[in-house]
Amino acid sequence: MYNSFELNESVRRALELYSPSLIRIAFAYLKNTADAEEVTQDVFLAYLQKRPVFDNGEHEKAWLIRTTINKSKNMLKTGWFRSRNPVPEDLSYLPKEESDVLQAVLALDKKYRIPIHLHYYEGYSIQEIAAILEAKPATVGTWLARGRAILKEKIGGMEDEEVCL
Amino acid sequence: MKKSVYKSAMSHLKTSDDFQEATYIKLMNHKETMNMEMAKKRRKVTGWTAGIAACAVLAVGLIALNPDSPATTPSSPPTNTATTKPPIMGKVAVNIDGIISEVSADGRSFKVGELWVEVTDQTKLGSSEPTAAAPSEELLQKNFQVGDIVSGYTSQDVSTGKVTADVIYNLIAPEKEGETSEAKPAITGKMAVNIDGVISEVSADGKSFKVGELWVTVTPETKLGIDGPTAAAPSEELLQKEFKVGNIVSGFTTDDVSMGKVNATNIYNNMAPQQ
């Protein structure tokens, strides 16, 4: 259990360490930075309210990612989120190659998008992604393979650039 | 897909510059609100606890004060309560206590107040309690007379005005005037009267003095000073040998003060007035 000072420090440290990752995971889900930031704030609010105790930093990060995914899913389900017709995120500030790849990934179904993000951005293994998404590793492997295949169709890529999972 | 391209794209994603600081401030504000709400809840819980405790105390008090009242809701009709209640078992005993004002011709019944009491063979005479006084001769003879003090009880309905006594504890005849002085033992002992005050007059021989309207004579039998384990030793100052007008004197006599002249039994003090 934290005391007040420890909790404040813990939240500050977690914000510094993990908020960029959490915003990007939420962005991969919601395709909008403003919504992603809102969800990330909610995640830290839950952190403050629940005061979870972690075995280590990895455990803490996994809990935060899982919470971000759940809160992003919840936001996607809300009526107001579904009913709105948002302007697509402006990614023109990115170099064209990066923008194309990012747009291609965001165009994927979310069941492929998230494992791809966790693998390619966060560097998690299939087993780790399976643990975070509470799915079987084989299923995660299938999602990754299918996602990669779709991306290859869209943006191409050389055989030797394939990521070996 | 090039691994580095996706990672680079995501790394370049623009987010709010002050996200971390703004989030931290928002979280701390929320924490403050949470703390206030918790304090409010705690106060509310304390209030409720105190209220419930007070109600419990009141309830216990009411139950303690009305042990016979039904535990069900008081609004239930009285007829239902009467039917559901078990019948009261046992007999109601009514005391017979007072002076006999009338006795029947056969001498077996007497009247106490407005109640006629009959004494039958079933009537128990005397009390079986270990500390009870032995029944009087009058009682044993069933010799009830007007003026006798009687005590006992009946379990019959007294509203009929006539009952049979279950038990007569005792029957005491009133004391007759002639018998009283003979029977009573003579009072022995003496009455002591305090002698307390300022000497207003002293006799020529100096052995008598007047306090108020009483002449007090100090004889060789008069005890001087105060006895007792805690009494101070008599001093010249507190107990002067010579009785003078104005001295404060205290003591007592067992003589009859109505005569206006007594011998002192004991003189505690004979002090000169303070200058």
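Restrict the check to segment B:39-59 and report whether at least one residue is assigned by the TED database to the domain that holds B:A165, farther than 23 Å from B:A173 by Cβ and at pLDDT below 75.
no
Conditions: (1) surrounded by 18 or more Cβ atoms within 10 Å (Cβ to Cβ); (2) closer than 25 Å to A:G147 by Cβ; (3) at pLDDT 90 or above; (4) within 14 Å of another protein chain (Cβ to nearest Cβ). A:P20 meets all but one. Number of the miss?
(1)
Which of the following residues is on the phi < 0 side of the Ramachandran plot and more than 10 Å from chain B (Cβ to nearest Cβ): A:E37, A:E60?
A:E60
Any residue at all in segment A:66-87 that is assigned by the TED database to the domain that holds A:P20, assigned to a helix (DSSP H, G or I), closer than 20 Å to A:I114 by Cβ and touching a residue at least 60 places away in the same chain (Cβ under 8 Å)?
yes
Being charged (D, E, K, R) and under 20 Å from B:S8 (Cβ atoms) narrows it down to one of A:E60, A:E128, A:E89, so name that one.
A:E89
If you take the residues in segment A:40-57 that are not acidic (D, E) and not in a helix (DSSP H, G or I), which one is farthest from the other protein chains (Cβ to nearest Cβ)?
Only one residue fits best here, namely A:N56.
Applying the selection to segment A:33-82, what residues are among the aliphatic types (A, V, I, L, M) and surrounded by fewer than 21 Cβ atoms within 10 Å (Cβ to Cβ)?
Hits for segment A:33-82 are A:A34, A:L45, A:A46, A:L48, A:V53, A:A62, A:M75, A:L76.
State which residue is surrounded by the most Cβ atoms within 10 Å (Cβ to Cβ) when the search covers only segment B:125-159 and only residues that are among the polar types (S, T, N, Q) and modelled with pLDDT of 85 or more.
Looking at the filtered set, the residue picked out is B:T154.
Please work out which one of (1) over 16 Å from B:P273 (Cα atoms); (2) more than 48 Å from the chain's Cα centre (by Cα); (3) surrounded by 16 or more Cβ atoms within 10 Å (Cβ to Cβ) is the condition B:V202 fails and give its number.
Here B:V202 clears every test but (1).
Looking at A:I65, A:I126, can you tell me which residue is within 18 Å of the chain's Cα centre (by Cα), away from chain B (no Cβ under 12 Å) and more than 26 Å from A:E37 (Cβ to Cβ)?
Exactly one residue qualifies, and that residue is A:I126.
The values are calculated or read from the model by the stated rules, or taken from the named source; none is laboratory data. Since this is a predicted model, take the numbers as computed values, not measurements. FYI the Cβ positions are ideal-geometry reconstructions off the backbone, even for glycines, and counts take in every protein chain you see.
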